[in-house]
Amino acid sequence: MNNIQFFSYLAILVAVTYLIRSVPFVAFSKKIDNQRIRSFLHYIPYTVLAAMTIPAVFYVTSNVISGIIGFIIAVITSTRTKSLIIVALISCIAVYITELII
């Protein structure tokens, strides 16, 4: 890849990123009063994070079964405790033990 091609790709990337971040500020200059739209916008970060994280949970390990077990343990632990550190540690330990067994 030569420099001209790299910088043209970089310029396109910068333009698209800038447009995605600036258009909502220009389009919505007033405060949004509709309760449905506000609640929808409130949950967008959580859904995007889940959409990026959940597929990686199953395929990051050497075996899909250990990923599934780690996910199930994480869900069960998160319903019992609210500490993210504890949930992460317990699910990592579960994946590690499952990898040792399998």
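Okay, here's what the table says:
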quantity: Shape box of the chain [Cα atoms, principal axes, largest first, Å]; calculated: 53, 50, 19
quantity: Backbone N under 12 Å from the Ile65 label point (7 Å along Cα→Cβ), restricted to the stretch 85-102; calculated: 98-102
quantity: Distance in nm between pseudo-label sites at Ile4 and Arg38 (7 Å out along the Cβ direction from Cα); calculated: 5.3 nm
quantity: Rounded accessible area per residue of the chain, 1.4 Å, Å²; calculated: 86 Å²
quantity: Dimensions (Å) - the stretch 41-89, Cα atoms, principal axes, largest first; calculated: 36, 23, 14
quantity: Highest to lowest packing among 45-52, 74-81, scored as the average C-beta count within 10 Å; calculated: 74-81, 45-52
quantity: Accessible-area composition of the chain, carbon plus sulfur, in percent [1.4 Å probe]; calculated: 74 percent
quantity: Mean Kyte hydropathy of 1.0 or more with a Cα span along the axis of at least 30 Å, helices from DSSP in the chain; calculated: 3-27
quantity: Per-pair calculated FRET efficiency, R0 = 30 Å: Ala51 and Ile86 via Cβ, rounded to 0.05; calculated: 0.80
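The values are calculated or read from the model by the stated rules, or taken from the named source; none is laboratory data. Note that the structure is predicted; figures quoted are calculated from it, not measured. Using ideal geometry, Cβ is built from the backbone for each residue, glycine included, and neighbour counts are taken over all protein chains shown. Note: accessible area is taken over every heavy atom of the protein model, side chains too, but ligands, DNA and RNA are not part of it. Shrake-Rupley method; radii C 1.70, N 1.55, O 1.52, S 1.80 Å.
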